[in-house]
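Data block below; observations after.
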Amino acid sequence: MNTSVDQADFFRTLEEKSDNGKLRGDYSQCDERYVVRQDWDAYTPEQHALWRRLYQRQAKLVPGRACQVFLDSLAKMDAANEIPRFDRTTEALYKATGWELVAVPGLVPDQTFFEHLANRRFPVTVWLREPHEFDYIVEPDVFHDFFGHVPLLFNPVFADYMEQYGKGGLKASRLDGLSNLSRLYWYTVEFGLIQTAEGLRAYGAGILSSGGEVEYCLTDPRPRRVAFNAERVMRTLYKIDSYQETYFVIRDFQQLFEETAPDFAPVYERLKQQEVLAANTLLPGETDLPPNPA
């Protein structure tokens with residue numbers, strides 16, 4: 001089912017697609033912040049082997065497609081051979097940008113997620129997909145969260161953006177702006193592109209942990225590629241069961257931080273008066289940026 005949705009619909013769809021209408025992950029052992037212990041010794045040899053397969057596939061795909069800061073950080077993380085230990089990565093990450101990783105059983109409530117980010121804690125799911133889910137999963141697993149998200153947290157500007165996003169989320173919940181803010185996360189943290197001297201590169205975790213979209217987003221002529229504008233992004237619906245129809249392109253991470261730093265309260269009020277845009281919209285005056293040469 002290919003539909004454009006906002007955040008509430010997104011989570012309902014996840015539940016409908018999960019076994020028995022329940023989200024995956026064991027929530028029985030989590031604390032009040034939905035944090036659990038990463039029981040690293042409980043991972044099986046088969047799970048470590050699956051991790052290696054996933055890692056090796058993506059490691060071959062991301063050079064020339066991922067932004068350089070992602071590649072540089074990934075090379076330092078020593079995560080190729082087995083499911084990583086979160087505490088070891090946290091040591092290096094905290095020294096670099098003051099962030100830490102916290103283990104969670106799966107998806108967590110909005111408020112909890114925003115509180116973690118606002119306090120420079122990134123939630124990483126502990127479970128790993130099954131072999132038959134090698135190419136696609138509905139809910140984020142440890143490979144998506146760790147491989148896709150963690151490397152950019154070593155970049156100080158992007159790390160600051162994530163903290164401000166968390167603080168913005170806490171405000172948005174009081175201002176009826178969560179659906180708008182979820183679109184911002186989707187089109188930046190999950191599916192963002194960045195313009196470089198070498199051409200378009202991906203920085204979004206949903207792209208960088210995908211076996212197919214990492215190439216599609218850069219070279220396929222079908223999707224739109226539009227210069228990033230925060231308010232425009234927050235009007236735009238997104239796809240959850242197919243590759244994106246539009247990608248938003250930032251100049252650099254400083255632009256991302258600066259455009260999302262102001263108070264969004266007046267933005268939410270303006271957006272209430274404007275129509276929501278379909279995922280494939282190109283507005284008058286916008287340029288559909290060309291893809292990289294295939």
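The values are calculated or read from the model by the stated rules, or taken from the named source; none is laboratory data. These numbers were taken from a predicted model, which means no experiment stands behind them. No Cβ is skipped: glycine too gets one built from the backbone with ideal geometry, and neighbour counts run over all protein chains shown.
Tabulated data for the structure shown
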{"quantity": "Among the candidates 33, 57, 53, 37, residue that is touching a residue at least 60 places away in the same chain (Cβ under 8 Å), closer than 20 Å to residue 107 by Cβ and out of contact with any strand residue (DSSP E or B) (no Cβ under 7 Å at 6 or more places or on another chain)", "calculated": "33"}
{"quantity": "Tally, over the range 229-261, of residues that are within 20 Å of residue 275 (Cβ to Cβ), more than 16 Å from the chain's Cα centre (by Cα) and of a type outside the set (A, V, I, L, M)", "calculated": "6"}
{"quantity": "Hits in the range 99-117 - residues which are in contact with a helix residue (DSSP H, G or I) (Cβ under 7 Å, 6 or more places away or on another chain) and among the β-branched types (Val, Ile, Thr)", "calculated": "102"}
{"quantity": "Of all residues making up the range 133-183, the number that are without any contact (Cβ under 8 Å) to a residue 24 or more places away in the chain, of a type outside the set (D, E, K, R) and over 21 Å from residue 202 (Cβ atoms)", "calculated": "0"}
{"quantity": "Selected residue (criterion: nearest to the chain's Cα centre (by Cα)) from residues of the range 197-215 that are part of a strand (DSSP E or B) and crowded, with 21+ Cβ neighbours inside 10 Å", "calculated": "202"}
{"quantity": "Residue 120 being at positive phi and either in contact (Cβ under 8 Å) with a residue 24 or more places away in the chain or of a type in the set (Phe, Trp, Tyr) (or both)", "calculated": "yes"}
{"quantity": "Close pairs from the range 278-289: first more than 14 Å from residue 225 (Cβ to Cβ), partner modelled with pLDDT under 95, Cβ under 9 Å, at least 6 apart", "calculated": "278/4"}
{"quantity": "Any chance residue 85 is basic (Lys, Arg), in contact (Cβ under 8 Å) with a residue 40 or more places away in the chain and under 22 Å from residue 24 (Cα atoms)", "calculated": "yes"}
{"quantity": "In the range 117-169, the residues that are of a type in the set (Phe, Trp, Tyr) and part of a loop (DSSP other than H, G, I, E, B)", "calculated": "127, 134, 136"}
{"quantity": "Some residue of the range 259-273 being in contact (Cβ under 8 Å) with a residue 60 or more places away in the chain and in contact with a Pro (Cβ under 9 Å, 6 or more places away or on another chain)", "calculated": "no"}
{"quantity": "Wholly enclosed helices (runs of 4 or more DSSP H) of the range 1-116 bearing at least 3 residues modelled with pLDDT of 95 or more and surrounded by 16 or more Cβ atoms within 10 Å (Cβ to Cβ)", "calculated": "45-61, 68-76, 86-97"}
{"quantity": "Of all residues in the range 135-152 being in contact with a strand residue (DSSP E or B) (Cβ under 7 Å, 6 or more places away or on another chain) and either closer than 15 Å to residue 25 by Cα or surrounded by fewer than 22 Cβ atoms within 10 Å (Cβ to Cβ) (or both), the one that is modelled with the lowest pLDDT", "calculated": "140"}
